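J.: Here it is, the structure, as C-alpha cells.
The values are calculated or read from the model by the stated rules, or taken from the named source; none is laboratory data. Predicted model only: the values in this text are computed from it and were never measured. Ideal geometry is used to build each Cβ from the backbone, glycine not excepted, and the neighbour counts take in all protein chains shown. All accessible areas refer to the heavy atoms of the entire protein, side chains included, with ligands and DNA or RNA removed. Shrake-Rupley method; radii C 1.70, N 1.55, O 1.52, S 1.80 Å.
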Amino acid sequence: MFKIPEKIINETENFKESLFALLEKDLSKGNLKKFCAPWGIYEEKIPEKYMLRVGIPAGVITLDQIRKINAIAVSFGKEHIHLTTRQDIQFHGLSLTDIPDIMLDLLGINLISKGTGGNCVRNIACSPLSGVSFDEVFDVTEYAIETMNHLLKDSSSFSLPRKFKISFSNSNSDTAYATISDIGFIAKIQDSVRGFEVYGGGSLGNNPSIAIKLADFIPATDLFYYVEGMKELFEVEGDRDNRNKARIRFILYKLGEEEFRNKYLWHVEKVKKIKELDLEPKIISNSSDDINQNEDISFLIKNQLVIQQKNKDYAVNIHPTGGNLRLSDLNRLINFINRLNYRISIRLTNTQGLLIRDLKSNDAYKLFQIISEFTSSFDIDNSLSCVGSEICKTGICNSQHLLAAIIKKFKNVDPILKAELPRLHISGCFNSCGQHLKAEIGLAGKIKKVNNELTSVYKIYLGGHIGASQTRLAADYGEINAEMVPEFIYELAKLKRNSEIADITEFLEIEKENVLRLIARFGDNNTKNCCETC
Ligand code: SF4
C-alpha cells in the first residue's frame, strides 16, 4: 500500500503558506518555477494558468480516488482530465492560488503531487496488467509501490541532478518500459527465487539511450540496494552544471558501458555495506489454480478487452482521445463501477488510458458498450499525443491538433485499411513526452525555415520496439510539413495494405525503400506555412 511519509504530509499541509510567502516576496519567474516544479506544478502557455500533475504510484487507483479527482475537476470548471504516459493524472488551466487546496483534497485520498516534476524521483511506473496478464512472471506491483514508499522517505530524492525515472515490468514484454528508464526492473524467477533483471541508463529526449543490462538476476529481497546504488551513482557522477546533460544516460555516455556498470555495481556493494535494506521474501504463488469459467467473449478482443490469467476475468482498456478523459465519460465509468457488486481493480496505463480489471464477462461486455462511444477499437484512433504547444510552454507543435486531423482523415475510411497501422506516438517537440522514439511510428514537432518563413514540420520516426534485450529506438526517416502528415499517414496505410505484410515491423523492414520514397514525396512539399493542423 502506498504510504505518504509524515514529512510530505506536513509539507503539503503547509504548502499554501510557503507559496503565498514566496509570492509576497515578488519572486522572479525562475525562482517560482524552481519552487513549483518538484510539486508537479508548471506554468502553461496561457498566462497565469498552471498544470498540476498527480502521481498515481504504479498506476494503482481506487474508485474513491477517481470520484474525488472527478469532483475536484468539476469544482474548477474543467471539462476533462489528462492521462499521461507515466501513469499520472494532470489538471490543466488552474490558477496557481487554487492549487494548494487541491493538494489538500488529494492528500485526503492518499495522493500527492510531490516528486511529479523537477529533479526528483518521479512516479514509479508498473506494467498496467501486472497481477492478471497471461505472460507475467509475477506481479511486480507491490515492489513498485514499496520502492516509491522507500524513496519518498528520503529528502535527497527531491534534489537530484535531474529527473530519475524507475519502472517495473512483469514480463519480458517490458510493458512498463524498464529498458528505456533510468533504472528498470524486469521480473525473473531463478531457482524458484523471485527477482529481477536490472537495466539502467535509458531515457528518451535529446541524445536518447536504450538502457543497458546491469545485472542478469538479482533476488527481489535485494531490490532497494540496486535502487539506492543508482541513486548514489547519479549523485556522484551526475552533471549539476549542465541541465541538458544531467540525465543518467549522459553518465553512461561519459563512462562507457563497462565502466558505467562497474561503478554502478560498486555503489550497490557500498550501499549493502552501510545500510540494512533487505525486503521480505515473497512466496511464489501459482495464480492459475483458480480458473472460473466465464462466458467466452474473446471475439471482442481488439484493443479494448484483455482476458486475464487469473479466473479468466476480463480487463477493459479505456483510451480517451489524446489522453483527455471528458468528465461526462468519467462519470459514466464511475456510475457503471458503482453498480457492480464485486471487487474490481483499476489501473492507469502508460498509454494515456485506464484499465478496469477483474470484470465478469457480462459486465465487461456492458462496459465495452459504454466506452465504445469514446474509445475506438482502431489503433490509429487510440494514438498517443502529449498535450502539445497549445498548453505546454516549451512545446513547438500542436500535437493534439495533429492527432485530431489524423483521426478525421481516417474517419470514413474502409475499416480494413484503417486497421493497418499501429498507434502513432506524437510529441509536440523533441522532449518526447509522446514517446515517439519508442514507437513503430512516431512523430516529433519542430520549426523549420522554408522560403524565409517559419514552418511547422514533424520528424518521422519509424521502427521502435520495446522488449527485454530487444529494445530499439525508432530511426529518423525525414520530415514532413505538419499539414501534410495526415495524408502521409493515410498513404502509409495504403502502402502497407498493398504490401500484404501484416506485421508492422516486417513491413517497415521489407518496404523500407518504398517508405523512404513516400516520405521524400511528402517531404518535397515542405513549402506550406504554419496552419491549424500544427
Ligand atoms: S513533448 Fe514537448 S510539447 Fe509535448 S508536452 Fe513534452 S515538452 Fe511539451
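J.: Students sometimes get this wrong: rank E11, E280 by accessible area, probe 1.4 Å, all chains present, largest first.
T.: Heavy-atom accessible area, descending, gives E280, E11.
J.: Something else about it: Given N451, L403, M484, which one lies farthest toward the positive end of the charge dipole of region 379-523, if we put +1 on the Cβ of every Lys and Arg and -1 on the Cβ of every Asp and Glu?
T.: My answer, from the dipole projection, is N451.
J.: Any idea what the relative contact order of region 198-247 is, in percent, if you count C-alpha pairs under 8 Å spaced at least 6 apart?
T.: 22
J.: Could you pull out every one of the lysines with an alpha carbon less than 19 Å from that of K418, ignoring same-chain neighbours closer than 8 positions?
T.: Of all the lysines, those that pass the test against K418 - Cα under 19 Å, at least 8 places apart if same chain - are K302, K408, K409, K494, K496.
J.: Could you work out the helix-only [θ] at 222 nm for the chain, with each DSSP H run of four or more residues adding -39,500 (n - 2.57) and the total divided by the number of residues, to the nearest 500 deg cm²/dmol?
T.: Taken over the chain, the calculation gives -10000 deg cm²/dmol.
J.: Run the reach check for K312 against aspartates and glutamates, Cα to Cα strictly under 20 Å, same-chain hits fewer than 8 apart removed. What comes back?
T.: Filter leaves D135, E136, D139, D289, D290, E295, D296, D358, D363.
J.: Report the one residue of P5, Y50, Q308 whose Cα lies farthest in the direction of the positive end of the charge dipole of the chain (charges on C-beta: Lys and Arg +1, Asp and Glu -1; origin at the Cα centre).
T.: Of the listed residues, the answer is Y50.
J.: Another question about this same structure. Just to be sure I follow: if Rg is taken over the C-alpha atoms of region 310-371 and Rh is the Kirkwood radius over the same atoms, what is Rg/Rh?
T.: Dividing the radius of gyration by the Kirkwood radius yields 0.94.
J.: Report in % the part of the accessible area of region 54-205 that belongs to carbon and sulfur, leaving out ligands and nucleic acids; probe 1.4 Å.
T.: The nonpolar share, carbon plus sulfur, comes to 48 percent.
J.: How much length is gained on full extension from D239 to E269, taking 0.36 nm per residue of separation minus their Cα-Cα distance?
T.: In short, 8.5 nm is gained.
J.: As an exercise, use a Förster radius of 30 Å and the Cβ-Cβ distance of D105 and N341 to find the FRET efficiency, rounded to the nearest 0.05.
T.: That pair, D105 with N341, gives E of 0.55.
J.: I would also like to ask the following. Given a 1.4 Å probe, how much area per residue of the chain is accessible, in Å²?
T.: 42
J.: Residue by residue, what Karplus-based ³J(HN,Hα) values in Hz, rounded to whole numbers, does region 343-357 have, using 6.51, -1.76 and 1.60 with θ = phi - 60° and x for Gly and Pro?
T.: 7, 10, 10, 10, 10, 7, 8, 9, 10, 6, x, 9, 10, 9, 10
J.: What are the principal axis extents of the Cα atoms in the chain, in Å, biggest first?
T.: 64, 61, 53
J.: Longer than 29 Å from Cα to Cα, which of K7/K273; K153/K438; K34/K446 are they? Say none if no pair is.
T.: Going by Cα-Cα distance, K153/K438 fall outside the 29 Å limit.
J.: Something else about it: Per-residue counts of other Cβ atoms within 10 Å, averaged by peptide: what ranking do you get for 231-243, 122-134, 187-199, highest first?
T.: In decreasing order of mean packing, 231-243, 122-134, 187-199 become 122-134, 187-199, 231-243.
J.: In what order, largest first, do K68, K3, K459 sit by accessible area if the probe radius is 1.4 Å?
T.: K3, K68, K459
J.: Can you give me the long-range amide H partners of E479? Hydrogens built in the peptide plane at 1.01 Å from N, cutoff under 5 Å, separation of 5 or more residues or another chain.
T.: Here the answer is I460, since their amide H atoms fall under 5 Å of that of E479.
J.: Okay, moving on. In whole Hz and in residue order, list the ³J(HN,Hα) couplings for region 438-443 that follow from phi through the Karplus curve 6.51 cos²θ - 1.76 cosθ + 1.60, θ = phi - 60°; x for Gly and Pro.
T.: In residue order, the calculated couplings are 9, 8, 5, 10, x, 9 Hz.
J.: Still on this structure, I have one more. Given contacts defined as C-alpha pairs under 8 Å and at least six residues apart, what's the relative contact order of the chain, whole-number percent?
T.: The value is 12 percent.
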